[in-house]
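Input: a single structure, listed below in C-alpha cells.
The values are calculated or read from the model by the stated rules, or taken from the named source; none is laboratory data. The shown structure was predicted, so the numbers you read here are calculated from the model rather than taken from an experiment. Note that we place each Cβ from the backbone using ideal geometry, even for glycine, and neighbour counts take in every protein chain shown. Surface accessibility is based on the protein's heavy atoms, side chains included, excluding ligands, DNA and RNA. Shrake-Rupley method; radii C 1.70, N 1.55, O 1.52, S 1.80 Å.
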Amino acid sequence: MADLDLSLTVAKLVDEMRKVGGYPSEEAFANLAAQMAPPFKSRKDEVAILRLSPDGRMLSFVFPAKLAKVGAIPLTTSHSLAAKTIRDKRGELVNNFSVYKHPTVFEAIDLSADEKAAPIQKIVCAPMIVDGKVVGVIQVSHKAKPGDPVGPDFTPRDLAELSTVGTILGKFLVALPLAPPPGPKPAAAPPKA
C-alpha cells in the first residue's frame with residue numbers, strides 16, 4: 001500500500017506545481033523531496049532529481065538546487081551511477097556505495113546549515129522514462145560519516161517504487177523549461193540630473 005500512497009502523493013504535488021505554472025520554486029521541490037523521503041527512511045536532502053540535457057550529453061541537478069550551481073555530470077563519466085542509469089535505462093540499488101567508485105564532488109557540498117556534507121553510504125537510483133525515452137534520474141540515498149549509523153538497506157521494492165515516482169515526475173519535468181528563470185533584476189539607478 002505504501003507504493004500507491006507515495007505515487008498518489010507525488011502525483012498530487014506535481015499537479016499542484018503544474019497549476020502554479022512556470023518553473024517550480026526551490027521550496028516546491030524541497031516540499032516534494034520532503035514527502036518522498038520518509039517511505040525510504042531518508043531525509044529530504046538525501047533525495048536528488050537530475051535532468052538530461054536536450055542533446056543527451058549532460059545531467060544537471062534540478063534538486064537540491066545548491067548542487068545545480070556546482071556543475072553537471074557528463075554522460076560519458078564512467079563511474080557515475082546517475083550516468084550509468086541513463087545509459088542502461090534501468091535503475092540500480094547499491095547498499096555499499098562507499099566502496100563503489102564514483103565522483104564525490106557533489107557529496108562534499110553542505111546542502112544547508114542543518115545538513116553538513118556526508119558521504120553517501122547507500123543509494124537507489126531510477127531513470128525517469130517518458131514515452132520510452134530517459135529524461136532524467138531520481139535518486140534516494142542514506143548519507144553518514146564513516147562509523148555513524150546508516151539507514152536500512154534499499155530493496156528491490158524501493159527501486160520499483162522509485163521507478164514509478166520517476167515516471168510521474170519525468171512527465172512533469174519534460175514539459176518545463178531547462179532552467180529556472182533568473183532572479184529579479186536590480187532596479188536601474190535613476191538618471192542623474
Go through region 64-102 residue by residue and tally those that are open to solvent by less than 20 Å² (accessible area, probe 1.4 Å) and either in contact with an Asp or Glu (Cβ under 8 Å, 6 or more places away or on another chain) or without any contact (Cβ under 8 Å) to a residue 24 or more places away in the chain (or both). 4
Does ALA160 satisfy the condition of being under 19 Å from GLY132 (Cβ atoms) and at pLDDT 90 or above? yes
Enumerate the pairs (first residue in region 148-173 and within 17 Å of PRO39 (Cβ to Cβ) and outside any loop (DSSP other than H, G, I, E, B); second residue anywhere and at pLDDT below 95 and of a type in the set (D, E, K, R)) with beta-carbon separation below 6 Å, excluding pairs fewer than 6 apart on the same chain, so at least 6 apart or on different chains. GLU161/ASP3
For region 16-29, does any single residue satisfy the condition of being open to solvent by less than 20 Å² (accessible area, probe 1.4 Å), farther than 20 Å from ALA160 by Cα and under 13 Å from the mean Cα position of the chain (by Cα)? yes
Please count how many residues of region 30-45 are more than 12 Å from the chain's Cα centre (by Cα), touching a residue at least 24 places away in the same chain (Cβ under 8 Å) and surrounded by fewer than 20 Cβ atoms within 10 Å (Cβ to Cβ). 4
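So, in region 112-138, how many residues would count as being more than 22 Å from MET58 (Cα to Cα) and modelled with pLDDT under 90? Before the answer, list the steps.
Going through region 112-138, the residues more than 22 Å from MET58 (Cα to Cα) turn out to be 112-119, 121-122.
With the extra rule that they be modelled with pLDDT under 90, the set shrinks to 112-119, 121.
Result for region 112-138: 9.
For every residue, the table says whether it meets (1) modelled with pLDDT of 85 or more; (2) open to solvent by 30 Å² or more (accessible area, probe 1.4 Å); (3) over 28 Å from VAL20 (Cβ atoms); (4) of a type in the set (A, V, I, L, M).
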site: GLU107; (1), (2), (3), (4): no, no, yes, no
site: VAL140; (1), (2), (3), (4): yes, no, no, yes
site: GLY170; (1), (2), (3), (4): yes, no, no, no
site: PRO180; (1), (2), (3), (4): no, yes, no, no
site: LYS185; (1), (2), (3), (4): no, yes, no, no
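Output the number of residues of region 48-67 satisfying the condition of being among the hydroxyl-bearing types (Ser, Thr, Tyr) and outside any loop (DSSP other than H, G, I, E, B). Talk me through it step by step, then tell me what you get.
Here is the first cut: in region 48-67, the ones among the hydroxyl-bearing types (Ser, Thr, Tyr) are 53, 60.
Subsequent filtering for residues that are outside any loop (DSSP other than H, G, I, E, B) retains 60.
So the count comes out to 1.
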